[in-house]
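Input: a single structure, listed below in structure tokens.
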Ligand code: AMP
């Protein structure tokens, strides 16, 4: 942990240039889910309480390097004001004279919000001139945007190298939770990886095999592995060109001693829709015209048993087509078991990724997990063992 926290910085009177992720969903000008804003509020409030002057940098949507009024951050001012319980001043650019003046004249107790960093094409190219322009607006750099830390952009990477830098409260919580789960984890460690595609999570699987004791493969991904093992999977979602890769992954697991767990029984249906007529069958009994949409009760029992002997769990991806009842059954059962074990202090459980968080929220398990990462891409890249540029830059 080579990075500093806010507690190690002298914030009093300083302009604290803080990179946040406030990329919230908006419908007709109304914020429909303020979770991301609520999660950065402790950082902003802490800076204010210590007499610092928060200057917020953030991206919003994908304007592609052009000024687009529909993606202006000014529409978030009311929600931010409410969340911070402090007045929010706005500057219509994130560099230049107007922004510099706004930062210089910012009063104690006020928060300055700068315009969308991605209105500048240089942001996503990590343009050093843009980073230098931003650096003029602060005395200290604080990065609280873990979910953007897998990108080397001017506001997440270049800038961190130009000012004394630290992690904000949310970044700190994410990194501490993730480091405790994988750097020196309590063993046995079980990873659950589900979802749709092997190809997008290939690196993840390869990396996890070297680090974890048990790897539960579920969802559409498991279908590719079942096909590789010679099972007939009917019209299931699978990547049939990836079966050789799946075989290689299983061979690597045998070598490293990682226990790969695939479904032992399957829930099949002829239609991809909620409440489609379905049956639970043995692995070798998938009808030619049916698709696998969930793992069956024997598979769930095996996952539950392995969770009961595990000390650490990391989870990305559902075990079935969880958006459609009853194909959320295996995901819910495994999630609730993990939640119960976490509650009783037997398990450290960490999960991340958009679909996974939705599935854990739907089952009611999320509140008991040790940590739920709000990040999608950054969480996956961290699980893959990649260095996140935004974090590396904080380490100097
Ligand atoms: P991912 O984005 O890779 O985490 O994939 C999540 C998606 O995979 C969700 O929309 C699930 O409905 C889908 N999924 C999981 N299992 C299956 C399956 N057996 N067949 C089809 N889709 C699935």
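Residue 265 - would you say it is more than 16 Å from residue 198 (Cβ to Cβ) and either assigned by TED's automatic domain parsing to the domain that holds residue 212 or at pLDDT below 95 (or both)? So residue 265 fits the description; yes.
Of the residues making up the stretch 235-265, those that are buried (at least 17 other Cβ atoms within 10 Å of the Cβ), within 12 Å of the ligand (Cβ to nearest atom) and more than 20 Å from residue 307 (Cβ to Cβ) are 236, 237, 238, 239.
One residue stands out in the stretch 210-231 among those that are more than 14 Å from residue 254 (Cβ to Cβ) and away from the ligand (no atom under 15 Å from the Cβ): the one that is farthest from the chain's Cα centre (by Cα), namely 230. Got at least one residue in the stretch 50-68 being farther than 23 Å from residue 159 by Cβ, touching a helix residue (DSSP H, G or I) at 6+ places or on another chain (Cβ under 8 Å) and free of Cβ contacts under 8 Å to residues at least 60 places away in the same chain? Scanning the stretch 50-68 turns up no residue that is farther than 23 Å from residue 159 by Cβ, touching a helix residue (DSSP H, G or I) at 6+ places or on another chain (Cβ under 8 Å) and free of Cβ contacts under 8 Å to residues at least 60 places away in the same chain. The single condition among (1) in contact with a helix residue (DSSP H, G or I) (Cβ under 9 Å, 6 or more places away or on another chain); (2) surrounded by fewer than 16 Cβ atoms within 10 Å (Cβ to Cβ) that residue 39 does not meet is (2).
Residues in the stretch 1-21 that are touching a helix residue (DSSP H, G or I) at 6+ places or on another chain (Cβ under 7 Å), surrounded by fewer than 22 Cβ atoms within 10 Å (Cβ to Cβ) and part of a loop (DSSP other than H, G, I, E, B): 1, 2, 3. Taking the criterion of being touching a residue at least 40 places away in the same chain (Cβ under 8 Å) and more than 24 Å from the chain's Cα centre (by Cα), the residues of the stretch 300-318 that qualify are 302, 306, 309.
Being outside the structural domain of residue 144 (by TED's automatic domain parsing) and surrounded by fewer than 19 Cβ atoms within 10 Å (Cβ to Cβ) narrows it down to one residue among 374, 356, 342, 329; which is it? Criteria check complete, one pass: 374. A search for C-beta distances below 6 Å between a residue of the stretch 319-333 that is under 15 Å from residue 277 (Cβ atoms) and any residue that is more than 8 Å from the ligand (Cβ to nearest atom), counting only pairs 6+ apart in sequence or on different chains, returns 324/274; 325/274. Being buried (at least 19 other Cβ atoms within 10 Å of the Cβ), within 21 Å of residue 230 (Cβ to Cβ) and free of Cβ contacts under 8 Å to residues at least 60 places away in the same chain is the filter here; which residues of the stretch 266-292 pass it? 266, 268, 283, 286, 290, 291, listed by residue number.
Whenever a residue of the stretch 191-210 is closer than 22 Å to residue 327 by Cα, its partners that are more than 10 Å from the ligand (Cβ to nearest atom) and in a helix (DSSP H, G or I), lying with C-beta atoms within less than 6 angstrom and at least six residues away or across chains, give the pairs 191/208; 198/224; 198/242.
For residue 348, the test of being in contact (Cβ under 8 Å) with a residue 60 or more places away in the chain and under 21 Å from residue 303 (Cβ atoms) is passed. Of all residues in the stretch 178-207, those that are within 15 Å of the ligand (Cβ to nearest atom) and either at pLDDT 95 or above or on the phi < 0 side of the Ramachandran plot (or both) total 14. For the stretch 268-287, a residue qualifies if it is in a helix (DSSP H, G or I) and more than 25 Å from residue 323 (Cβ to Cβ), and the qualifying residues are 284, 285. Condition check for residue 313 on (1) within 22 Å of residue 202 (Cβ to Cβ); (2) assigned to a helix (DSSP H, G or I); (3) away from the ligand (no atom under 16 Å from the Cβ); (4) touching a strand residue (DSSP E or B) at 6+ places or on another chain (Cβ under 7 Å): one failure, at (2).
The values are calculated or read from the model by the stated rules, or taken from the named source; none is laboratory data. Owing to the predicted nature of the structure, the values given are computational and were not obtained by experimental measurement. For neighbour counting, all protein chains shown are included, and Cβ atoms are generated from backbone atoms with ideal geometry for every residue, glycine included.
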